[in-house]
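Visitor: One structure, pasted below without further comment.
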There are 2 protein chains.
Amino acid sequence: MSISRRKFFAFAGASSALALGTSTAQASTKVPAKWDETFDVVIVGSGLAGMSAAVEASKAGAKVIVLDKMALFGGNSILNAGAMGVAGTPMQKKLGIKDSAELFYEDMFREGLGLGEKAHVKLVAEKSLDAWNWTREVLGVEWNEDTVIAEGGHSVARGCLTKSGTGATIIQNGLDLAKKQGAVLRNKVYVEEIIREEGGRVLGLKVREGYKFPKEGTGTVKYIRAKKGVVLAHGGFGADVKYRSIHDPKLSNRFETTNQPGATAEMWRQAADVGCTIIQADWIQCGPWASPDEQGFGLAVGFAQDCCAMYGLWVNTTTGKRFVNELANRKVRADAIINLNNKDQECIAISDTNAFEGSLKISRPGHLEKALDKGCVFKFDSLEAIAKKFNIPMDALKAEIDTYNQHVANKATTDAMGRTIQVGARQLGQGPWYVSRLAPKVHHCMGGIRIDTECRALDGVTDQPIPGLFAAGEATGGTHGAVRLGTCSITECLVHGRIAGQSVAKAKG
Amino acid sequence: MSISRRKFFAFAGASSALALGTSTAQASTKVPAKWDETFDVVIVGSGLAGMSAAVEASKAGAKVIVLDKMALFGGNSILNAGAMGVAGTPMQKKLGIKDSAELFYEDMFREGLGLGEKAHVKLVAEKSLDAWNWTREVLGVEWNEDTVIAEGGHSVARGCLTKSGTGATIIQNGLDLAKKQGAVLRNKVYVEEIIREEGGRVLGLKVREGYKFPKEGTGTVKYIRAKKGVVLAHGGFGADVKYRSIHDPKLSNRFETTNQPGATAEMWRQAADVGCTIIQADWIQCGPWASPDEQGFGLAVGFAQDCCAMYGLWVNTTTGKRFVNELANRKVRADAIINLNNKDQECIAISDTNAFEGSLKISRPGHLEKALDKGCVFKFDSLEAIAKKFNIPMDALKAEIDTYNQHVANKATTDAMGRTIQVGARQLGQGPWYVSRLAPKVHHCMGGIRIDTECRALDGVTDQPIPGLFAAGEATGGTHGAVRLGTCSITECLVHGRIAGQSVAKAKG
């Protein structure tokens, strides 16, 4: 267990307080005799938010360092499926989908159950197109220009997909550019303490370089000064069972996570301890589309969502019936599955070849084949074979397919559960068929550090910005409210990350 | 704006750190040259939790002071309706109601949506009967021995009612006893800072005596030392629009509150700043039974709940139909009313004379008359007169009454909305009739300081108890989860308050 933050502050304070009168500043061995290194901007975390801040701050001329405790840069962002919610893209225009920043805002705010801070929801919605264009024009990211996807809770399809099928491309291009602009990237650096002086300003960090995750206390202690400020972009705590159980006791180790193992809470604890306001940390999202047949985020997700939720079915194997609007928000869907699991009932996602060819084959070429190879999606010759394998009442299953096919034939816009029937949907019935099993996994932390619209972290006592402290991405709260919609994480990380980078670069040193 | 806590810590730390080497302990004017007063136990807040802690700690021989910033002692607790959830009372046995601590636990945990910490939910349920007996045998509180009420979300009636019809009796008797046992009660004392030393121990408080609510900075600064510990029993922040909007932006000043005006958040900010773990602060309950025709908690509540929700109807005036299970938990009911209000539809609670005579007349003699006098409950000669006044479709309203009467005739146990038909319910139809209007008001904070089962406050960095810091009551989180059931606040305050008092009295000085 590390020494309490307060202990450190007290000692740090001792030196500064005395320095006013006596200039003998070494009252404690805890205070660094000198800072080992000095940068204008120190960014904690190298995911989409940290990367965006690094690109903007280094572009503005600041001397930047990006720290990541893991051996790999990119955090959870390199695992994500590369889908970004954007209102007003050329693809939407081409496909005749009417969208606007206002509609995007309304979707996010409504599905967030009114817990989102309107100023942040608006900011993210309004800057989404700008951020997407930035990835193309400045970072050189290539996007699929043939389609957009509809994730649950969005009233229209607005999910753009990277050509690579992953968010890693955005990260890689962005970090390369930041480096080219002079930013230093340093991995295996664990932040042990945020150093905030007694007058209220964040001065820098105490870190351990050469840290070997997950071994606490490894690496060499160094003190890094941040002249303009520290940007907290450390992400969520989905992989930290102890911490997530404090805020939501339901999410015990019974639940797996889609997150990388470094998604732990030590920076959440530090941020709270240094005086940040932490809001809504108990809103922790489970991804409903995950599979128990692979670890982590995996490959079945793309299949269960883009193929089955949009153009196929999600079915309760005990009843043979659908059990939820497959395009409801993640909370509604995950809760529905968890409730059935608690009654020992299992849920699966089903697609035929028609649905596959109209969706995943276009949006993510080669993805299904990889998932089949991996053994997290299964292939069947017929619907009967699926029913037999999962012990599903065949009549009920057949009836669900018939109902769906009728909606398609009638060009219905929604079904009885409220699911949008996609424009261009095709009837189901063409083998081979495909199936993945559904097991919600802890996925995203909606809450976090409270920030203003310049991404300055706000003090829990005064509600004022903490000088020298900025934050963006999953580490922050206030944008998604109770439910983060699919594809909105990239949007939020890029919009807030860029603003954080611009704000800190402008800050006084 | 007060000076940052961290600033204070730093200076306090300066003195202590230096003291180790030099024993010149006055590095800063912020550090008191000496403590103005010293007690074993300093309790912040004089509501049910603070009172219970004071009785137990003083009984154990500790020198105790209870601080309250308001002129009146008792906080929100003196406003409450004196209903306490208890499993296994003589009244339940007399009425043939089967109950147990296990069933009570299950109700609280289920309705709390699994966000409650099991250890605390169990503790409160298991100690409920003991705490109730304590109020009778030790505090001398008199309870209505003819009836128990069923608040929403409880699977059986288990709400005991004070004979006085208010929680003020419990408070008054308890504070009198604490005083008799040597405790000092001091009002108009505002706590400006919790003083935690650099080694991690809470030492005492910086306060302002003679504080004039709500004027910040009034009163005289004093430092009070707590040798054994501080007990935080400062309650919730329902009356603090700014703070509640930070955690749940929906709850703007559009919403009134049932709370007394002193239910503000400065101690929540201080607790977070001093290193407590604050959990689930975004779960803020609105009371569905409140009336827009009076301020604060008021009198209509008892009518709308005990009379109409249990034996009458809640109706949407636009449709003439019921719109919710009147005995669902408070969140379900408040959400239902708010959703209708957002569509400009109004909801009312209706009772006839039969329902009144079978409920409120027995449980709270004289209450209806006071409410009629005050103008928050209205009297009508006939159902037709109600329909005319509120512009309700008479046929639909009549049909709802008929359906209810059929259930009563058939001795049904529940209706189509899941409402329990009470044992001994009587058919509706006997004038005069009574009505109150329904307007949810901010009522209770479910979240708060994380404590262990000895009511020790847990540090946000280490998860270990903070030496010298204890907490109980609405200031704490973890018992009620997403929804506090009606009648469970008194239970929680008494159970945790007593434990906090016992724990702090045993602590080392």
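The values are calculated or read from the model by the stated rules, or taken from the named source; none is laboratory data. Everything quoted here is computed from the prediction, not taken from an experiment. Don't worry about glycine lacking a Cβ; one is built from the backbone with ideal geometry, like all the others, and counts go over all protein chains shown. Accessible surface areas use protein heavy atoms only, side chains included; no ligands, DNA or RNA. Shrake-Rupley method; radii C 1.70, N 1.55, O 1.52, S 1.80 Å.
Visitor: With a point put 7 Å past each Cα toward its Cβ, work out how far B:LYS118 is from A:ALA396 in nm, to one decimal.
Guide: Inter-label distance under the simple model: 3.0 nm.
Visitor: Moving on to the next point. Which FRET efficiency value, to the nearest 0.05, is calculated for A:LYS389 and A:GLU357 with the Förster distance at 25 angstrom and r the Cβ-Cβ distance?
Guide: 0.65
Visitor: Same structure, new question: Under a no-solvent Debye model with one identical scatterer per Cα of the range B:239-312, what's log10 I(q)/I(0) at q = 0.12, 0.21 Å⁻¹?
Guide: Reported log10 I(q)/I(0), two decimals: -0.43, -0.97.
Visitor: List every residue whose amide H lies under 5 Å from the amide H of A:GLU346, counting only residues 5 or more places away in sequence or on a different chain, with H placed 1.01 Å from N in the peptide plane.
Guide: Placed amide hydrogens put A:THR317, A:THR318 under 5 Å from A:GLU346.
Visitor: For the protein assembly as shown, what number results from the quotient of the Cα radius of gyration and 2.2 N^0.38 Å?
Guide: Working: Rg = 30.0 Å, N = 1018, 2.2 N^0.38 = 30.6 Å.
Its radius of gyration relative to the 2.2 N^0.38 Å reference: 0.98.
Visitor: Once you charge only the Cβ atoms, +1 for Lys and Arg and -1 for Asp and Glu, what is the size of the charge dipole of the protein assembly as shown about its Cα centre, to the nearest 20 debye?
Guide: My answer is approximately 2400 debye.
Visitor: Is the shape of the range B:154-243 rounded, prolate or oblate, going by the alpha carbon gyration tensor and its root eigenvalues a ≥ b ≥ c, with a/c under 1.5 for rounded and a/b larger than b/c for prolate?
Guide: prolate
Visitor: Quick one: pull the percent of accessible area on the range A:39-159 belonging to carbon and sulfur, 1.4 Å probe, ligands and nucleic acids left out. It would help to have the intermediate numbers written out before the result.
Guide: On the way: 2250 of 4220 Å².
Answer for the range A:39-159: carbon and sulfur cover 53 percent of the accessible area.
Visitor: Can you tell me the dipole magnitude for the range A:246-404 around its Cα centre, using point charges on the Cβ only (Lys, Arg +1; Asp, Glu -1), in Debye to the nearest 20?
Guide: Taking the Cα centre of the range A:246-404 as origin, the dipole is about 100 debye.
Visitor: Quick check for me: using +1 on Lys/Arg Cβ and -1 on Asp/Glu Cβ, what's the dipole size of chain A about its Cα centre, in debye to the nearest 20?
Guide: In debye, rounded to 20, chain A gives about 1200.
Visitor: Nearest 5 is fine: what % of DSSP beta bridges in the protein assembly as shown come out antiparallel, could you say? Walk me through the intermediate numbers first.
Guide: Details: 84 of 122 bridges.
That works out to approximately 70 percent antiparallel.
Visitor: Output needed: percent of Cα pairs per 5 Å distance bin for the range A:202-340, bins running from 0 to the one holding the longest distance.
Guide: 2, 8, 14, 17, 16, 13, 10, 7, 6, 4, 2, 1, 0
Visitor: Could you tell me which residue out of B:GLY182, B:LEU113, B:VAL138 lies farthest along the dipole of the range B:52-203 toward its positive end? Charges go on the beta carbon: Lys and Arg +1, Asp and Glu -1, centred on the Cα centre.
Guide: Toward the positive end, the furthest listed residue is B:GLY182.
Visitor: Per the Kirkwood definition applied to all pairs of different Cα atoms, how many angstroms is the hydrodynamic radius of the range A:441-485?
Guide: For the range A:441-485, the Kirkwood estimate is 11.1 Å.
Visitor: Taking a spot 7 Å from the Cα of A:LEU372 along the direction of its beta carbon, which residues of the range A:386-419 have an amide N less than 16 Å from it?
Guide: Flagged as within label range: A:386.
Visitor: Calculate the mean, over all residues of peptide B:188-197, of how many other protein chain Cβ atoms lie within 10 angstrom of the residue's Cβ. Can you show the working numbers first?
Guide: Working: counts 0, 0, 0, 0, 0, 1, 0, 0, 3, 3.
So the per-residue partner count for this stretch is 1.
Visitor: May I ask you to evaluate 6.51 cos²θ - 1.76 cosθ + 1.60, the Karplus curve with θ = phi - 60°, for each residue of the range B:67-80 and list the ³J(HN,Hα) values in order in whole Hz, giving x for glycine and proline?
Guide: Listing the rounded values in order: 9, 9, 6, 8, 6, 8, 7, x, x, 5, 4, 6, 8, 6 Hz.
Visitor: How much of the DSSP beta bridge set in the range A:19-162 is antiparallel, as a percent to the nearest 5?
Guide: Details: 5 of 9 bridges.
Bridges in the range A:19-162 are about 55 percent antiparallel.
Visitor: Additional query: For the range B:60-149, what does the convex hull of the Cα positions come to per residue, in cubic angstrom?
Guide: Given the Cα convex hull of the range B:60-149, per-residue volume reads 160 Å³.
Visitor: Give the range of the longest stretch in chain A that excludes all trypsin sites (Lys or Arg not before Pro) found in loop regions by DSSP and having at most 12 other beta-carbon atoms within 10 Å.
Guide: A:99-214
Visitor: Something else: Given N residues in the range B:371-509, what is its alpha carbon radius of gyration divided by 2.2 N^0.38 Å?
Guide: Relative to the 2.2 N^0.38 Å estimate, the range B:371-509 comes out at 1.65.
Visitor: Rounded to the nearest 5, what is the percent of antiparallel bridges among the DSSP beta bridges in chain A?
Guide: Looking only at bridges with both residues in chain A, the antiparallel portion is about 70 percent.
Visitor: To the nearest 100 Å², how much accessible surface do chains B and A hide from each other in total, with a 1.4 Å probe?
Guide: Answer for the B-A pair: about 3700 Å² buried.
Visitor: In whole angstrom, note down how far apart the Cα centers of the range A:243-307 and the range B:419-489 are.
Guide: Value for the Cα centre distance between the two parts: 28 Å.
Visitor: Inside 10 Å of the C-beta atoms of A:271-284, what's the mean count of C-beta atoms belonging to other chains?
Guide: 5
Visitor: Moving on. Of the options B:TYR311, B:GLY509, B:SER363, report the single residue whose Cα projects farthest towards the positive end of the charge dipole of the protein assembly as shown (beta-carbon charges: Lys, Arg +1; Asp, Glu -1).
Guide: B:GLY509
Visitor: So for the pair B:GLN295, B:ASP463, with labels modelled 7 Å out along Cα→Cβ, what separation do we get in nm?
Guide: Those two pseudo-labels are separated by 4.6 nm.
Visitor: If you average 1/r over all unlike Cα pairs in chain A and invert the result, what Kirkwood radius do you get in angstrom?
Guide: One decimal place: 23.5 Å for the Kirkwood radius.
Visitor: Per residue of B:105-115, what is the mean number of Cβ atoms on other protein chains within 10 angstrom of that residue's Cβ?
Guide: Working: counts 0, 0, 0, 0, 1, 0, 0, 1, 3, 5, 5.
Taking the mean over all residues of the peptide, I get 1.
Visitor: Taking only complete DSSP H runs, can you tell me which helices of chain A stretch 24 Å or more along their own long axis by Cα positions and average at least 0.5 on the Kyte-Doolittle scale?
Guide: A:5-21
Visitor: Taking only the Cα atoms of the range B:397-473, how large is their convex hull per residue, in Å³? Could the numbers behind the result be given before it?
Guide: Numbers: hull volume 16.1 nm³, N = 77.
Spread over its residues, the Cα hull of the range B:397-473 gives 209 Å³ apiece.
Visitor: How large is the direction-averaged shadow of the alpha-carbon convex hull of the range B:458-509, in nm²?
Guide: For the range B:458-509, the mean projected area of the Cα convex hull comes to 4.2 nm².
Visitor: Taking a quarter of the surface of the convex hull around the Cα atoms of the range B:342-428, what do you get in nm²?
Guide: Projected over every direction and averaged, the Cα hull of the range B:342-428 covers 7.0 nm².
Visitor: In percent, what relative contact order does chain B have, based on Cα pairs under 8 Å that are 6 or more apart in sequence?
Guide: Across chain B, relative contact order equals 23 percent.
Visitor: If you count only protein heavy atoms with a 1.4 Å probe, what accessible area per residue comes out for chain B, rounded to a whole Å²?
Guide: Here the residues of chain B average 36 Å² of exposed surface.
Visitor: I'd like to know which of A:VAL42, A:LEU438, A:PHE323 lies farthest towards the positive end of the charge dipole of chain A, counting +1 on Cβ of Lys and Arg and -1 on Cβ of Asp and Glu.
Guide: Projecting each Cα onto the dipole axis, the largest value belongs to A:VAL42.
Visitor: A:GLU102 to A:GLU126: extension gain in nm, 0.36 nm per residue of separation minus the Cα-Cα distance?
Guide: 7.9 nm
Visitor: Related question: If you roll a 1.4 Å probe over the range A:321-449 with all protein chains in place, what percent of the accessible area is carbon or sulfur?
Guide: 48 percent
Visitor: Alpha carbons only, please: Rg and Dmax for the range A:282-410, in angstrom.
Guide: Every Cα atom of the range A:282-410 included, Rg and Dmax give 14.3, 44 Å.
Visitor: Let me have the 222 nm mean residue ellipticity of chain B computed from DSSP H runs of 4+ only, each contributing -39500 (n - 2.57), with the sum over all residues rounded to the nearest 500.
Guide: Taken over chain B, the calculation gives -9500 deg cm²/dmol.
Visitor: Additional query: Given the Cα-Cα distance of A:GLU145 and A:ASN405 and 0.36 nm per residue of separation, how much length would full extension add, in nm?
Guide: The span from A:GLU145 to A:ASN405 would gain 90.8 nm if fully extended.
Visitor: Between A:SER164 and B:ASN253, what FRET efficiency comes out of the Förster formula 1/(1 + (r/R0)^6) with R0 = 35 Å and r the beta carbon distance, rounded to 0.05?
Guide: 0.10
Visitor: Find the all-direction average of the projected area of the Cα convex hull for the range B:62-210, expressing the result in square nanometres with one decimal place.
Guide: One quarter of the hull surface, i.e. the mean projection, equals 11.3 nm².
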